[in-house]
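Participant: Sharing a structure here in structure tokens format.
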Amino acid sequence: MSDDTILLLAALSRGETGAAEKLLPLVYSELKGIAGRQMQRERADHTLQPTALVHEAYLKLIDQSRVQWQGRTHFCAIAANIMRRILVDHARGRNAAKRGAGAQKIAIDENLTPDEPSREVDLVALDDALERLAQLNPRHARIVELRYFGGLTVEETAATLDISASTVKNDWRAAKAWLLTQLEEH
């Protein structure tokens, strides 16, 4: 993310006119990458397309007037969280429309990474488990959001949370184990 992007994010936080329009072309590919990673885990016939997810997330991002943007990783973390919320809300709406039948499934594996063989997990169940984890250990939940949903590296996650890379690795391991146990019970 360029210096221009950081300046525009700061201008957006201050509510400066025109900042949002200038920002979109600079962050679009970043948002498209995050959306692509998140949509890889979705079912093939998902009705929400990555482009629509990017546009919906962007509208929510530019409405974040209280955020003091701190750079690329901070921006990506908030964008990933917003996209996760959009997808979960979409899944909840779909499940409610079907009265719980056909719960939306996403791919998840023992490493909580999209590159390995996976099993199917209900997106709403994963979100509920992540919410419970946030109540027990907010930092662990944040690490899962940044690493799994945001696609950040250990180092980027450490920088975002202002902790060491070894702490991220240890917390990541513990959070994955806890979440997988919770999801097996579901």
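The values are calculated or read from the model by the stated rules, or taken from the named source; none is laboratory data. Owing to the predicted nature of the structure, the values given are computational and were not obtained by experimental measurement. Note: ideal-geometry Cβ built from the backbone for every residue, glycine included; neighbour counts use all protein chains shown. For the accessible areas, the whole protein counts, side chains as well, though only heavy atoms, and no ligand, DNA or RNA atoms are used. Shrake-Rupley method; radii C 1.70, N 1.55, O 1.52, S 1.80 Å.
Participant: Take the conditions exposed (fewer than 14 other Cβ atoms within 10 Å of the Cβ) and modelled with pLDDT of 75 or more and apply them to GLN68. Does it pass?
Facilitator: So GLN68 fits the description; yes.
Participant: Where the second residue is open to solvent by 40 Å² or more (accessible area, probe 1.4 Å) and modelled with pLDDT under 90 and the first is more than 18 Å from PHE149 (Cβ to Cβ) and polar (S, T, N, Q) and lies in the range 172-186, which pairs have Cβ atoms under 7 Å and are six or more apart or on separate chains?
Facilitator: Within 7 Å, no pair qualifies.
Participant: Also, quick follow-up: Counting only residues that are under 15 Å from the mean Cα position of the chain (by Cα) and open to solvent by less than 10 Å² (accessible area, probe 1.4 Å), how many does the range 130-143 have?
Facilitator: Adding up the residues that qualify gives 3.
Participant: Considering ILE82, ILE34, ILE6, which residue is open to solvent by 30 Å² or more (accessible area, probe 1.4 Å) and not acidic (Asp, Glu)?
Facilitator: None of the other options fit; the residue is ILE6.
Participant: Do you know which residues across the range 144-179 are under 21 Å from GLU42 (Cα atoms) and either open to solvent by 40 Å² or more (accessible area, probe 1.4 Å) or in contact with a Leu (Cβ under 8 Å, 6 or more places away or on another chain) (or both)?
Facilitator: Hits for the range 144-179 are VAL144, GLU145, LEU146, ARG147, TYR148, LEU152, LYS176, LEU179.
Participant: Another question, then. Return a yes/no flag: does the range 41-55 have any residue that is of a type in the set (Gly, Ala, Ser), open to solvent by 40 Å² or more (accessible area, probe 1.4 Å) and closer than 22 Å to THR17 by Cβ.
Facilitator: no
Participant: Just one of (1) surrounded by fewer than 16 Cβ atoms within 10 Å (Cβ to Cβ); (2) in a helix (DSSP H, G or I) trips up GLY15, so point out which.
Facilitator: Here GLY15 meets the rest and fails (2).
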